[in-house]
Amino acid sequence: MRILIIEDERKIADFIKRGLKEEGYAVDLAHDGEQGHFLAKTNNYDLILLDLMLPKIDGLSLCGQLKKEGVSSPIIMLTAKDTVKDKVVGLDTGADDYLTKPFAFEELLARIRVILRKKESGTVTKLQVGDLELDLLTHKVARSGKEISLTAKEYSLLEYLMRNAGTVVSRTMISEHVWDIDFDTFTNVIDVYINYLRKKVDSGFSKKLIHTIRGRGYILKE
Ligand code: CA
């Protein structure tokens, strides 16, 4: 899951970015409305965190603009104001949720999970492919009931493969949703992580779940 943070206060932006990366999200930062607009249009983000008071284009205008331009990424508005009026206006321009600063990081994580879940199918909290299970709330992964310990990046990659189970995902798709803007397309880092996952998920099982489709990418299926 790849998230764009549009926030001009660098301390807050860096704090949120660090926290989300620790949770396995890929995160890009924009420090003003213009840069945010450019990135939101260029990349297909799974979620945008949008500050209200921003240089160049303010958050409300940007939110309305993105929705008008057909950007479908869900948006959570971050606002220092907490008057009812601002909230209503924020939701009217197409924001999916709002959070009043200062907020607890746990609360932000919870809101993000709700939005990402809504985007999927209602109340899914577990992904399952064959005997492989992934719990979206606890981040626990198990195969045949036996828990598998994954790093944040491995978890994030597996989650992406499982959300797209049965579909071939290209390296570009993976890099767009699991890695951030600093991803170097000339490295084989995705293949390296696929191998890590294979060792943890497939090795020791006769039925393999992660398959390479030559020249196209990867597919996770039974
Ligand atoms: Ca601000």
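The values are calculated or read from the model by the stated rules, or taken from the named source; none is laboratory data. As the structure is a prediction and not an experimental result, all values here were calculated from the model. Here the Cβ positions follow ideal geometry from the backbone for every residue, glycine too, while neighbour counts run over all protein chains shown. Ligands, DNA and RNA are excluded from the accessible area calculation, which covers all protein heavy atoms including side chains. Shrake-Rupley method; radii C 1.70, N 1.55, O 1.52, S 1.80 Å.
What accessible area per residue, rounded to a whole number of Å², is obtained for the chain using a probe radius of 1.4 Å?
50 Å²
Given that compact globular proteins tend to follow 2.2 N^0.38 Å, what is the ratio of the alpha-carbon Rg of the chain to that value?
Taking N as the residue count of the chain, the ratio is 1.07.
Which of rounded, prolate or oblate describes the range 1-75 when judged by the alpha-carbon gyration tensor and an a/c cut-off of 1.5?
Verdict is oblate for the range 1-75.
Above 13 angstrom, tally the Cα pairs of the range 12-53 and express them as a % of all pairs, no decimals.
Tail of P(r) above 13 Å: 54 percent of Cα pairs.
Give the angle, between 0 and 90 degrees and rounded to the nearest 10, that separates the Cα long axis of helix 105-119 from the longest principal axis of the Cα atoms of the chain.
Helix 105-119 sits at roughly 70 degrees to that axis.
From largest accessible area down, sort D32, D51; use a 1.4 Å probe on the protein chains.
Greatest to least solvent exposure: D32, D51.
Using a 1.4 Å probe on the protein heavy atoms only, what accessible surface does R111 show? Give it in Å² to the nearest 10.
Accessible area of R111: about 60 Å².
Tell me, in nm to one decimal, what length is gained between T185 and K221 on full extension, where the rule is 0.36 nm per residue of separation less the Cα-Cα distance?
Computed gain between T185 and K221 is 10.4 nm.
Take the alpha carbon atoms of the range 1-69, find their center, do the same for the range 146-189, and report the distance between the two centers in whole angstrom.
21 Å
Would you report the distance distribution of C-alpha pairs in the range 108-222 as whole percents per 10 angstrom bin, up to the bin with the largest distance?
Percent of Cα pairs in each bin: 12, 47, 34, 7, 0.
Applying the Karplus parametrisation 6.51 cos²θ - 1.76 cosθ + 1.60 with θ = phi - 60° to the phi angles of the range 174-179, what ³J(HN,Hα) value in whole Hz is obtained for each residue in order, glycine and proline being reported as x?
4, 5, 6, 10, 10, 10
Given a 1.4 Å probe and the protein chains all in place, what does the accessible area of L116 round to, in Å² to the nearest 10?
For L116, the solvent-accessible surface is approximately 10 Å².
With 23 Å as the limit, write out which pairs from K17/K126; K67/K118; K11/K68; K199/K221; K146/K200; K41/K101 have Cα-Cα distances beyond it, or answer none.
Pairs exceeding 23 Å: K17/K126; K11/K68; K41/K101.
What does the charge count near T212 come to, summing +1 for each Lys or Arg and -1 for each Asp or Glu among other residues with Cβ under 14 Å from its Cβ?
Charge balance in the 14 Å sphere: +4.
Probe radius 1.4 Å, ligands and nucleic acids left out: which of S72, S175 has the largest accessible area, and how do the rest follow?
My answer, sorted largest first, is S72, S175.
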